[in-house]
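*Asks:* Got a structure here, written out as structure tokens. Questions coming.
The values are calculated or read from the model by the stated rules, or taken from the named source; none is laboratory data. Note that the coordinates shown come from a computational prediction; the quantities given were computed from them, not determined experimentally. Glycine also receives a Cβ, built like all others from the backbone with ideal geometry; neighbour counts cover every protein chain displayed.
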Amino acid sequence: MKKTMAVVFGLFASVLLFNLDPAFAAMISSSDNPSEIAGATGSNESFRQSILTLLNFFLFFLGIVATGFVVYGGFLYVTSQGEDSNVETAKKIISYAAIGIIVVLISFALVNTLIMGAGSGTAV
């Protein structure tokens with residue numbers, strides 16, 4: 001009895017929490033135009049904008065991870081107490097994380113330039 005009540009309560013809570021919307025698949029016309037598909041699925045963004053948003057989120061996450069490695073390397077450097085092996089390890093971590101941040105920034109600039117630049121002209 002307790003298992004059944006737990007399952008019923010879980011289903012009820014999931015319906016309330018996630019507020020399930022009706023499917024918009026019937027609104028999609030026979031064409032495969034990405035903007036029509038995005039509009040029919042409840043999004044106001046184009047397919048290109050959705051990809052850009054996803055890539056920007058991923059690059060932001062990588063930037064946060066690289067910044068965390070800089071902090072970790074700095075912590076190792078401060079707590080190394082002058083031991084050469086620990087100092088070298090900390091310097092490597094900081095330098096690799098700095099290179100990672102530079103790569104993320106360049107990737108962010110390229111992604112935003114290429115994807116948004118491609119949308120302002122002819123169809124790709």
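*Asks:* Note down all Cβ pairs under 7 Å where the first residue falls in the stretch 66-78 and is of a type in the set (Val, Ile, Thr), the second is surrounded by fewer than 16 Cβ atoms within 10 Å (Cβ to Cβ), and they're at least six residues apart or on different chains.
*Replies:* Close Cβ pairs (under 7 Å, with a partner that is surrounded by fewer than 16 Cβ atoms within 10 Å (Cβ to Cβ)) amount to Val70/Ala98.
*Asks:* Of everything in the stretch 53-95 that's of a type in the set (A, V, I, L, M) and more than 24 Å from the chain's Cα centre (by Cα), which residue is nearest to Phe108 (Cα to Cα)?
*Replies:* My answer is Ala90.
*Asks:* Okay, moving on. Just a yes or no: is a residue in the stretch 24-35 modelled with pLDDT under 90, closer than 30 Å to Ala109 by Cβ and of a type outside the set (S, T, N, Q)?
*Replies:* Of all residues in the stretch 24-35, those modelled with pLDDT under 90 come to 24-35.
The next check asks that each one be closer than 30 Å to Ala109 by Cβ; those that pass are 33-35.
From what's left, of a type outside the set (S, T, N, Q): 34.
For the stretch 24-35, residues modelled with pLDDT under 90, closer than 30 Å to Ala109 by Cβ and of a type outside the set (S, T, N, Q): present.
*Asks:* Let me ask something else about it. Whether any residue in the stretch 1-12 is surrounded by fewer than 10 Cβ atoms within 10 Å (Cβ to Cβ), basic (Lys, Arg), in a helix (DSSP H, G or I) and modelled with pLDDT under 90 is what I want to check.
*Replies:* yes
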